[in-house]
Amino acid sequence: MSVGLFPSRTLTLYLARLFVVRILAALVMLVLVLQSLDLLSQSGNILAHAGNGRAELGHYILLRMPQLVARFLPYSVLLATIITLATLNQNSEVVSMKAAGLSAHQVLAPLLVTALVVSGLSFAFNERVVTRATATLKAWTAVDYGQIPVDSGVRSNVYLRDGPNILAATTLTGEGAAMRMDGVTWYRRDAGAMVTETVRARHAVFAAPGWRFDAPVRFDVATAVSEKLPPTVYAAGVTPAQIAISKVDADAQSLAQLSNSIAALKAAGRRTSELEGKWWHKISGPLSAALMPLLGAVAAFGLARSGQLLVRAITGMALGFAYFVVDNAALALGNFGGYTPLLAAWAPFVLFFLIGETVLIRTEE
């Protein structure tokens, strides 16, 4: 009986290489299929804007693909686990390893370590690439695939309160006094919250106080009369500090940026439980890839000639997909306050880790 954590160096490298190749194959297959379907559904909207063509379609693919990679990498690890272990079982390689004295955990150790490395790479990829691509894509979608925002800190569909009035912007770029709004609208409301006047402009910049609208067009609701005005300042009660905490998109911010946003919201007395849950999920989400070999391990053991290999593979796949369902449900409950942020992000991971260990120990150890 081998007492080391891993099997021999040769066997460890062999299993890890098999696993990595299948992860990449599954990921490429999933991303290509899903990217094609997504592009088919969005190409009409992209090309509907005057001047858009192949370059914009390519740019959309570059922005959308990191999101697909991040979302379906854990699924790819699950599929690769099932394929790798089922193949080893079918070829009686698992039987040979167990006959050599290896335990079930030693057989899985190279796959678990490889999946842990994949989780680390996924976390870094999310922080450096996915958040920026998500922010830019959302801003581009907000302007109906018009002029592509180049500011990585761009935000879209911003709504702010100016006393009883509302200030809205299609996109917002910059920080502090250098903030700039595009597609800006100011709504004047009466005591009954009815809109009595709207002022629209293509651009607005901070005027300390208020926001200077560039060539605004005023529309009076009562008279239905529009008039062009010279550059005018509106929304004197809206400050850059207020904008900084007005809308926080956790998917478009890195872990450090989201930490700062949560701190700013807490200082302003805002509710932050939903964002805290997503903060924790930025860690537990990529780490879910490391859980997949354990959940799919049921496909590795048992005699292939018993006729139960397909059933075991389906069971492993069902356990993996059940994890994603429970994970999404827990996160949704955390957003509504049913769970604490920490529990919403980590309870599914801990639960399915225990389930995977229980199944493995009861059946093979």
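Tabulated values for the structure
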quantity	calculated
Protection-proxy order for peptides 191-198, 112-119, 126-133, 254-261, each taking the mean of Cβ atoms within 10 Å per residue, highest first	112-119, 126-133, 254-261, 191-198
Angle between the chain longest axis and helix 341-364 axis [Cα atoms, degrees, rounded to 10]	10 degrees
Degrees separating the helix 104-125 axis from the principal Cα axis of the chain, which is the longest one	20 degrees
Sparse-neighbour loop sites [trypsin sites (Lys or Arg not before Pro); region 191-232; at most 12 other C-beta within 10 Å; DSSP]	none
For region 34-91, projected area of the alpha-carbon convex hull averaged over all directions, nm²	5.0 nm²
Estimated FRET transfer efficiency when R0 is 22 angstrom, pair ARG9-VAL95 (beta carbons, to 0.05)	0.55
Cα shape, region 164-236, gyration tensor, a/c 1.5 rule	prolate
All-pairs Cα distance distribution in the chain, expressed in whole percent, bin size 10 Å	5, 19, 24, 21, 14, 9, 5, 3, 0
Sorted by Cβ neighbour density within 10 Å, fewest at the top, the residues THR363, THR223	THR223, THR363
Summed residue charge, Cβ within 13 Å of LEU34's Cβ, Lys/Arg positive, Asp/Glu negative	+1
Region 171-280 - Rg (one decimal) and Dmax (whole number), Cα, Å	16.8, 52
Residue-averaged 222 nm ellipticity for the chain, from DSSP H runs of 4+ at -39500 (n - 2.57), nearest 500	-19000 deg cm²/dmol
Helix axis angle, 273-287 relative to the chain longest principal axis, alpha carbon, degrees	40 degrees
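Values in this text are rule-based calculations from the coordinates and carry no lab data. These figures come from a predicted structure and were not determined experimentally. Glycine gets a Cβ as well: all are built from the backbone with ideal geometry, and neighbour counts include every protein chain shown.
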